[in-house]
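K.L.:
Below is a structure I'd like to ask you about.
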Amino acid sequence: MIFSSVTIFTWENLFTSCNSEFYGAKYKDKHIKTMDYKMLINPNFEDSSKHFIYSWFGEIIVNEDDIKGRNTLKLFNLNDSALVEQRKIVAFQVKIMYNQFSLDELITIIGKFESMICYLYNQLNKN
């Protein structure tokens, strides 16, 4: 079976992506128990934007009552300092390029953190 890069490198592959020891799938594999899988956001079937709020400082914020959101954030260590720094840079890029490009163009230009770009772009549209 042949996979295109579009298929492999998308949010939908959250469970298998990222080979860091400190966050993502490899980190999750060291900390998860079988029963935890039921309490994770499955991006194949769920929209992460219903669980995650993105700050302009690169952090992902989850409502205290959102068990799936909290578990996903924790078990993938999505607020690891390296990820937060990367998202902070992307947030800055969104802020300075917002008036020059459409949402789709920004996603293509920046090339990562699509759900965060969408969230922040929509926040700018509200103002």
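K.L.:
Considering only residues that are assigned to a helix (DSSP H, G or I) and over 27 Å from Asn42 (Cβ atoms), which ones fall in the range 89-107?
P.N.:
Ile89, Phe92, Gln93, Lys95, Ile96, Met97, Glu105
K.L.:
In the range 15-39, how many residues are at pLDDT 80 or above and within 19 Å of Glu114 (Cβ to Cβ)?
P.N.:
Residues that pass the stated criteria total 1.
K.L.:
For the range 91-127, what are the residues that are within 19 Å of Lys50 (Cα to Cα), over 16 Å from the mean Cα position of the chain (by Cα) and touching a residue at least 24 places away in the same chain (Cβ under 8 Å)?
P.N.:
Matches in the range 91-127: Leu124 only.
K.L.:
Next up: Applying the selection to the range 19-69, what residues are of a type in the set (A, V, I, L, M, F, W, C) and under 21 Å from Gln123 (Cα atoms)?
P.N.:
Correct list: Phe52, Ile53, Trp56, Phe57, Ile60, Ile61, Val62.
K.L.:
Specify the residue that is surrounded by the fewest Cβ atoms within 10 Å (Cβ to Cβ); the eligible residues are those in the range 25-64 that are more than 24 Å from Lys95 (Cβ to Cβ), in contact with a Lys or Arg (Cβ under 8 Å, 6 or more places away or on another chain) and among the hydrophobic types (A, V, I, L, M, F, W, C).
P.N.:
Checked the range 25-64; the qualifying residue surrounded by the fewest Cβ atoms within 10 Å (Cβ to Cβ) is Met39.
K.L.:
What are the residues in the range 30-87 that are hydroxyl-bearing (Ser, Thr, Tyr) and in a loop (DSSP other than H, G, I, E, B), if any?
P.N.:
Across the range 30-87, the qualifying residue is only Ser55.
K.L.:
Now a separate question. Quickly run through the range 31-66 and pick out the residues that are within 22 Å of Glu85 (Cβ to Cβ) and charged (D, E, K, R).
P.N.:
Glu59, the sole residue that qualifies.
K.L.:
For Asn71, which of the numbered conditions (1) surrounded by 15 or more Cβ atoms within 10 Å (Cβ to Cβ); (2) closer than 17 Å to Ser115 by Cβ fails to hold?
P.N.:
Unmet for Asn71, out of (1) surrounded by 15 or more Cβ atoms within 10 Å (Cβ to Cβ); (2) closer than 17 Å to Ser115 by Cβ: (2).
K.L.:
Still on this model: Of the numbered conditions (1) touching a residue at least 12 places away in the same chain (Cβ under 8 Å); (2) among the charged types (D, E, K, R); (3) in contact with a Ser or Thr (Cβ under 9 Å, 6 or more places away or on another chain), Glu59 satisfies every one except a single condition; which is it?
P.N.:
Failing condition for Glu59: (3).
The values are calculated or read from the model by the stated rules, or taken from the named source; none is laboratory data. Nothing here was measured: the structure is a model prediction, and the numbers come from that model. Every residue, glycine among them, receives a Cβ derived from its backbone with ideal geometry; neighbour counts consider all protein chains shown.
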